[in-house]
1. Restricting to the stretch 66-90, name every residue that is part of a loop (DSSP other than H, G, I, E, B) and out of contact with any Lys or Arg (no Cβ under 6 Å at 6 or more places or on another chain).
2. Among the residues of the stretch 33-71, count how many are at pLDDT 65 or above, within 30 Å of S147 (Cβ to Cβ) and out of contact with any strand residue (DSSP E or B) (no Cβ under 6 Å at 6 or more places or on another chain).
Amino acid sequence: MRRLNLAALLGALVVGLVAVGCGGGDAAETEGPVETAAPTVQIRSLLASAGESRLVATIRGPGQIGYLAPVTRRERNEIVTTFRIKNISDGALAGFKVDEFWYDNDGDTVTGDSYRMQRPFLVDQIIEVTLRVPNDSRMERSNYEFSHQNGVVEANLFEEMEEPMPLEEEDSEETDESDDAETPAR
């Protein structure tokens, strides 16, 4: 019983010290209430500056693409492979990805590169993908794999395809440059 009384006394003492330490001082000692202003957020301006954003339903399961035969060329100490790819699926592909693997004579992987599309790959959209790998004398042959976030992609080789449409951001940069060119220098 004596231990319980001692524990209760020590507990009350600790609670009292904590109360004094957390602001049990005089109100006269403080110079006034400290006010902090909360930052204001204007959601309408954020939404207006985001431009036209829209949600796109993406497909789950296997998707389909068509592509032209890749063009591979050597630039300095790199091998550059360029694809032209078109989405021929029924819906958009989320997280569309192209992987390139280079193998030696024995079938061992030497090097590779990967491209992942940040936006959904829309139906009938045509993109151009460039993959770069360091040149290695052991590289003999390459293999390409197409996939998307929700499944695999069935790839079909096309004989011909339209030119890819430039992105909106590239259009605005080109018009800015053409506006500058048309304006006479003073």
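The values are calculated or read from the model by the stated rules, or taken from the named source; none is laboratory data. Since we're looking at a predicted model, the values are computed, not measured. Don't worry about glycine lacking a Cβ; one is built from the backbone with ideal geometry, like all the others, and counts go over all protein chains shown.
1. Selection gives A69, P70, R76, N77, I88, S89, D90.
2. Number satisfying all stated conditions: 6.
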